[in-house]
Amino acid sequence: MDLTPAELTLLGLLVEKPRHGYELEEVITARGMRDWTEIGFSSIYYLLGKLRDRGLIAETGEPVRGKARKVFTPTAEGRTVCASAAEEAIAVPRPVFPAVLVGLANQPVIPPDRLRAALAQRADALAARVVEVRAATPADAPPFVRAIFDHSLGQLAAEQAWLARYQEEL
């Protein structure tokens, strides 16, 4: 059973522990998940409905903090599908489509001074992003959460190294 990255993300959060939609939003925001998966606040309940309709999650019917919010929990099949999909997501590299590559493919139309300025702007943005990710990394996070932040920092460092080499070539 194929899951979209957004579906797998929500299912994984429910495997961690049963949650209601607003709590899922809080975790997504706190962990910076919108930086690496496309889950809008308005799509959370839509995705929960899809997962429920596929039999991967169920409503527990238990109120949360005294409120009548629907709490969702994974089914046995949901746990199995989550584990399988997560393993595949780790094991199988998937293509990404960064806009920077489209820009590089079209760089002959960019005047040299503007290209250097764009690359410098990118370098500044990458440096700022490193600071943001480091600041957002929870010190007490479990290892699997830290791995997400560490991977992001590794990707940023690799791009910074590439960018520095490329700027020297110009």
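Figures for the structure shown
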| item | result |
| --- | --- |
| Among residues of segment 114-146, those that are among the basic types (K, R) and in contact (Cβ under 8 Å) with a residue 40 or more places away in the chain, counted | 2 |
| Residue count, segment 77-96 (criterion: in contact with a Leu (Cβ under 8 Å, 6 or more places away or on another chain) and among the small types (G, A, S)) | 4 |
| Residues of segment 12-25 that turn out to be touching a Lys or Arg at 6+ places or on another chain (Cβ under 9 Å) and assigned to a helix (DSSP H, G or I), as a count | 5 |
| E26 vs. criteria at pLDDT below 95, in contact with a Ser or Thr (Cβ under 9 Å, 6 or more places away or on another chain) and either of a type in the set (D, E) or closer than 22 Å to V145 by Cα (or both) | no |
| Pairs, first without any contact (Cβ under 8 Å) to a residue 12 or more places away in the chain and exposed (fewer than 10 other Cβ atoms within 10 Å of the Cβ) in segment 95-113, second not acidic (D, E) and not in a helix (DSSP H, G or I), C-beta under 8 Å, six or more apart | none |
| Matching option when the condition is within 24 Å of Y22 (Cα to Cα) and either part of a helix (DSSP H, G or I) or modelled with pLDDT under 95 (or both), among G103, G78 | G78 |
| V145 vs. criteria within 16 Å of the chain's Cα centre (by Cα), modelled with pLDDT of 95 or more, not assigned by TED's automatic domain parsing to the domain that holds L24 and not basic (K, R) | no |
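The values are calculated or read from the model by the stated rules, or taken from the named source; none is laboratory data. What you are looking at is a predicted structure, and each value in this text was computed from that prediction instead of being measured. Using ideal geometry, Cβ is built from the backbone for each residue, glycine included, and neighbour counts are taken over all protein chains shown.
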